[in-house]
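A quick write-up on the structure given underneath.
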């Protein structure tokens with residue numbers, strides 16, 4: 001199925017469009033890149049609002065809750081106690097069953113928990129493995 005882009009006027013496959021938009025992905029992405037380059041302050045404000053919205057929508061916490069967690073954890077990972085360099089390095093850890101927020105983790109610890117699927121039995125076996133090595 002074909003559709004014509006409202007920006008470039010090119011007829012493209014419908015898969016080249018985001019759902020519900022009359023603009024093709026290439027044109028939307030080009031416009032976003034232009035804003036990032038030409039108006040970095042505007043883009044930074046947009047990203048800040050988007051990040052705050054996602055925190056609330058995904059995890060049910062506000063930016064203030066996030067900041068309080070940082071203070072409570074002394075700006076350090078709840079597992080390995082490494083200091084967060086910036087908020088990009090800070091991941092909100094949550095239980096995938098209850099969606100309850102457990103704390104803030106560094107990227108490495110967050111990835112490790114994800115790889116173990118939050119399965120404490122497997123994590124215990126990994127600990128035993130490391131202890132015999």
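The values are calculated or read from the model by the stated rules, or taken from the named source; none is laboratory data. Owing to the predicted nature of the structure, the values given are computational and were not obtained by experimental measurement. With ideal geometry, Cβ positions are generated from the backbone for all residues, glycine too; neighbour counts draw on all protein chains shown.
Just a few scattered comments:
- Residues located in the stretch 12-43, provided they are touching a strand residue (DSSP E or B) at 6+ places or on another chain (Cβ under 7 Å) and either surrounded by fewer than 11 Cβ atoms within 10 Å (Cβ to Cβ) or not assigned by TED's automatic domain parsing to the domain that holds residue 1 (or both): 13, 14
- Extreme residue, nearest to residue 73 (Cα to Cα), among residues of the stretch 95-108 that are outside any strand (DSSP E or B) and free of Cβ contacts under 8 Å to residues at least 40 places away in the same chain: 106
- Restricting attention to the stretch 42-63, the residues being more than 16 Å from the chain's Cα centre (by Cα) and more than 18 Å from residue 86 (Cβ to Cβ) number 1.
- Failed item in (1) part of a helix (DSSP H, G or I); (2) within 30 Å of residue 18 (Cα to Cα); (3) in contact with a helix residue (DSSP H, G or I) (Cβ under 8 Å, 6 or more places away or on another chain), with residue 92 passing the rest: (1)
- Just so you know, in the stretch 24-54 the residues that are in contact with a helix residue (DSSP H, G or I) (Cβ under 6 Å, 6 or more places away or on another chain) and in a helix (DSSP H, G or I) include one that is farthest from residue 11 (Cα to Cα), and it is 52.
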